[in-house]
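So the structure is just underneath, and the comments pick up after that.
Every number here is computed from the coordinates shown, using simple stated rules; none is lab data. These numbers come from a predicted model, not from an experiment. All Cβ positions, glycine included, derive from the backbone under ideal geometry; neighbour counts span all protein chains shown.
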Amino acid sequence: MNSRVLTIAANTFREAVRDRVLYNLVFFALLMAGGSILVGQISIDIERQVVVNLGLTAVSLFGVVIAIFIGIGLVSKEIEKRTLYTVLARPVRRWEFIVGKFFGLVITLVVNTFLMSLGVLLALLYVAHKLERGDLTVVVAIYFIVLQFVVVTALALLFSSFSSPLLSAVLAFAVFIVGTFAEDLRGFAAMSQGVTRVGATIAAYLMPNFAALNVIAEAAHAKPVAGNLILFNTVYALLYALAAVAGAVLIFERRNLK
Amino acid sequence: MPAIEILGLEKKYEVGFLRKTEKVALKPFELAVQEGEIFGYLGPNGAGKTTTLKLLMGLIFPTAGSARLLGRHWRDPDVKTEIGFLPEQPYFYDYLTATELLEYYGELSGMDPTAQRLRVPEVLERVGMTAAASTQLRKFSKGMLQRVGIAQAIIHDPKLVILDEPMSGLDPMGRLEVRDIIHSLKDEGKTVFFSTHILSDAETLCDRVAVLNEGELRAIGVVADLTAQVGGKVEVVWQGEKAKPAVEALGAECRTTASLVRAVLPEAKLDAALDAIRQARERLVSVTPVRATLEDYFLQKLGRKPLEEVETR
């Protein structure tokens with residue numbers, strides 16, 4: 001990667017750290033500690049399932065909220081505050097700025113998720129007293145959650161390149177929710193007829209398929225995940241994010257800064 | 001080779017939602033700034049100064065025309081390794097310290113890391129910010145931000161420095177220091193192109209100036225040539241009050257202090273005023289030509305002062 005993109009990414013990460021974005025980890029740690037102690041007392045035999053379900057769902061929600069709220073401001077805030085002027089007055093191409101900001105937030109989310117995942121694994125160790133081979137699925141589930149963040153960040157960036165921060169947040173949340181039920185949308189498309197079928201099929205394939213990226217249930221029951229699903233999901237998420245970031249770049253390249 | 005060549009740049013905006021009307025922010029014009037010059041870009045607020053600078057830096061796109069910077073095509077991103085830019089009322093990442101900010105911009109400009117380590121403290125000293133080197137920018141005053149702004153514009157030792165209102169927000173001492181920095185940049189052989197509406201700054205600093213009004217280039221030249229176009233004025237001082245109404249009738253501004261009357265009037269009316277004083281048999285004390293300033297030029301050619309700040313200074 002070129003050095004200007006890395007410099008911008010590193011600065012974006014530094015901003016997130018200094019703006020205390022990672023403080024959410026404190027809440028997360030409290031939630032996990034409290035949750036696992038409580039679960040250890042009230043559930044018999046299913047402690048593991050409850051801890052994994054609760055933990056991974058929390059990791060996913062915390063991350064999505066951060067991805068959307070920081071993602072929509074990544075570029076628009078810099079335009080608003082005019083910090084962008086002095087950056088673009090350097091030999092920085094506009095696409096380098098967008099890509100750098102995108103990677104900066106992805107790095108932030110990876111670090112955040114890594115720390116939260118440690119919390120989940122510790123809680124798991126606390127209730128189950130040992131980690132097993134089946135717990136590898138938990139790691140796969142966490143990897144898929146990171147892929148979701150990559151897609152959500154790219155979408156937030158794309159929406160914020162043409163709409164207001166509030167509308168971008170609403171759009172990104174809406175797409176996240178629709179994407180979570182992508183399988184149902186595909187099922188609906190398969191059942192319907194005529195124009196509805198065409199429309200629903202287009203919508204189903206346009207929306208990111210977050211359902212395929214959600215293996216929390218499998219992780220909770222320690223079921224293995226097929227190797228080709230890991231490969232397919234990786235390619236899918238990266239291509240989807242690439243398309244969204246490319247869209248954001250195309251819009252931003254022509255934009256007159258106020 | 002000119003440092004900046006503006007070749008018919010034009011910027012129009014569409015305003016309104018349903019019934020769109022076109023607003024011209026900048027009418028096409030040609031302008032060349034030579035290497036090693038300090039060039040002042042003057043005009044009242046809203047004249048199109050900032051629009052021009054933003055066009056040059058590629059922050060907005062023109063509706064027509066183009067430009068050349070340091071002999072290269074203006075859209076070539078690499079030409080910016082040799083250009084420093086200070087935007088109007090700059091705002092920077094406030095979670096960074098002054099040193100970190102300069103390092104960030106140095107890296108983006110492709111500076112060598114070792115050169116950069118030496119350069120950052122040097123530039124901070126030059127703008128008088130050494131004491132605040134490791135303070136986060138969120139704790140900075142407006143004047144301090146302006147100084148850091150100048151520091152970031154020169155961190156990578158550019159050949160061409162473009163400054164948008166570099167003196168705004170500074171106290172008189174700070175303005176003097178910025179003037180010194182601009183002078184020293186010229187001594188180093190750099191080209192400085194800056195916009196301002198504070199005319200005294202332009203008069204003391206600039207080799208040449210361009211005057212912009214309502215998006216239109218009105219004049220380019222040496223300050224002395226521009227002020228020479230303004231009809232000269234003279235100050236007449238005499239003793240006695242009787243001639244005052246007659247002199248005032250000639251369009252002079254009269255002020256009485258003790259027994260002396262001072263009148264400033266256009267040179268062409270001097271004979272008539274002297275006649276009036278002689279007829280009243282009052283004693284003439286002095287007749288002095290008054291040097292025209294850029295402010296007179298603005299008042300006469302544009303029909304207004306460049307801004308409010310002139311009075312408050």
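This model, with +1 at the C-beta of Lys and Arg and -1 at the C-beta of Asp and Glu, gives the protein assembly as shown a dipole about its Cα centre of some 740 debye. Here the Kirkwood formula puts the hydrodynamic radius of segment B:233-291 at 10.9 Å, using every distinct Cα pair. Structure remark: mean-square fluctuation, Gaussian network model of chain B, C-alpha springs under 10 Å; the largest value among B:H156, B:H183, B:H197 belongs to B:H183. Counts of other chain beta carbons within 10 angstrom of each beta carbon in peptide A:77-85 average 4. With a Förster radius of 22 Å applied to the beta-carbon distance between A:V198 and A:I177, the computed FRET efficiency rounds to 0.45.
Selection among B:V123, A:S117, A:N209 by position relative to the dipole of the protein assembly as shown gives A:N209 as farthest towards the positive end (Cβ unit charges, Cα centre). Taking amide H positions as modeled 1.01 Å from N, with prolines and chain starts lacking one, the residues under 5 Å from B:L9 and 5 or more places away or on another chain are B:F29, B:S66. Packing order of peptides A:43-52, A:149-158, highest average first: A:149-158, A:43-52 (average count of other Cβ atoms within 10 Å over each peptide's residues). Note on B:K242: aspartates and glutamates with a C-alpha under 19 Å away, same-chain residues under 8 apart excluded, are B:E253, B:D271, B:D275, B:E282. Between helix B:98-108 and chain B there is an angle of about 70 degrees, using the helix long axis and the longest principal axis of the Cα atoms.
Of the GluC sites (Glu not before Pro) found in segment B:229-296, the ones in coil according to DSSP and having at most 14 other Cβ atoms within 10 Å of their Cβ are B:E241.
Taking the Cα centre of chain B as origin and assigning +1 to Lys and Arg Cβ atoms and -1 to Asp and Glu Cβ atoms, the resulting dipole is close to 820 debye. The alpha carbons of segment A:130-216 stretch over 53, 36, 13 Å along the principal axes, in descending order. Over the Cα atoms of segment A:1-84, each weighted equally, I'd like the Debye log10 I(q)/I(0) at q = 0.14, 0.22 Å⁻¹, rounded to two decimals. Log10 of I(q)/I(0), two decimals: -0.65, -1.06. Could you pull out the trypsin sites (Lys or Arg not before Pro) across segment B:263-295 that fall in loop regions by DSSP (anything but H, G, I, E, B) with no more than 15 other Cβ atoms inside 10 Å? Here the trypsin sites (Lys or Arg not before Pro) that fit, given the DSSP loop and packing criteria, are B:R281, B:R291.
Calculated FRET efficiency, B:R291 to A:L242, Cβ-Cβ distance, R0 = 56 Å: about 0.30 to the nearest 0.05. Just to check, using Stokes-Einstein with a Kirkwood Rh over alpha carbon pairs, what's the diffusion coefficient of chain B at 25 °C and 0.890 mPa s in µm²/s? Translational diffusion coefficient: 111 µm²/s.
Take every DSSP beta bridge whose two residues both sit in the protein assembly as shown; close to 70 percent of them are antiparallel.
Per residue of B:167-176, other chain Cβ atoms within 10 Å of the residue Cβ number 0 on average. For segment B:1-118, the normalised intensity computed at q = 0.13, 0.23 Å⁻¹ comes to -0.67, -1.35 (log10 of I(q)/I(0), Debye sum over alpha carbons, equal scatterers, no solvent).
For segment A:3-253, report the % of Cα-Cα distances exceeding 21 Å. Every Cα pair in segment A:3-253 considered, those over 21 Å come to 61 percent.
Is there a pair in A:K258/B:K80; B:K269/B:K301; B:K23/B:K190; B:K49/B:K190; B:K12/B:K186 whose C-alpha atoms are over 25 Å apart, and which pairs would that be? Flagged as over cut-off: B:K23/B:K190; B:K12/B:K186. In this calculation the C-beta distance from B:V222 to A:K77 is compared with R0 = 35 Å, giving a FRET efficiency of 0.20.
Mean-square fluctuations from a GNM of chain B, with a 10 angstrom spring cutoff on Cα atoms, peak among B:P87, B:P172, B:P121 at B:P172.
With the largest listed first and rounded to whole Å, the semi-axes of the equivalent ellipsoid of the protein assembly as shown from the Cα gyration tensor are 65, 25, 21. The angle between the Cα long axis of helix B:113-126 and the longest principal axis of the Cα atoms of chain B comes to about 20 degrees, rounded to the nearest 10.
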